[in-house]
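Working notes, structure below.
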């Protein structure tokens, strides 16, 4: 009986350790997701700036063509 209890206790400890690892992995995934989201926002802002710059350059080039 004691051996059976020992095996159950060992299994519970293993499940607990696996649960802790899963929780830590989930936290890492969450942090990575937040970082990627921030990088995506920065990229979107950079793309917007590049579009504005391209439009300004096109307008300047059109001005030279007219002159």
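None of the figures in this text is laboratory data; all of them are computed from the coordinates on show. Every value quoted in this text rests on a predicted model; they were computed, and no experiment measured them. Glycine gets a Cβ as well: all are built from the backbone with ideal geometry, and neighbour counts include every protein chain shown.
Worth pointing out:
- Approximating the spin labels as points 7 Å out from Cα along Cα→Cβ, the residue 44-to-residue 13 distance works out to 4.9 nm.
- For 66, 57, the sequence from fewest to most other C-beta atoms within 10 Å is 66, 57.
- Rounded tilt (10° steps) of 2-66 against the dominant C-alpha axis of the chain: 0
- This structure gives semi-axes √(5λ) of the Cα gyration tensor in Å, computed directly, and of (1) 27, 13, 9; (2) 64, 6, 4; (3) 34, 11, 6 that value is listed as (2).
- Potential extension, residue 2-residue 24 segment - 0.36 nm per residue separation minus Cα distance: 4.6 nm
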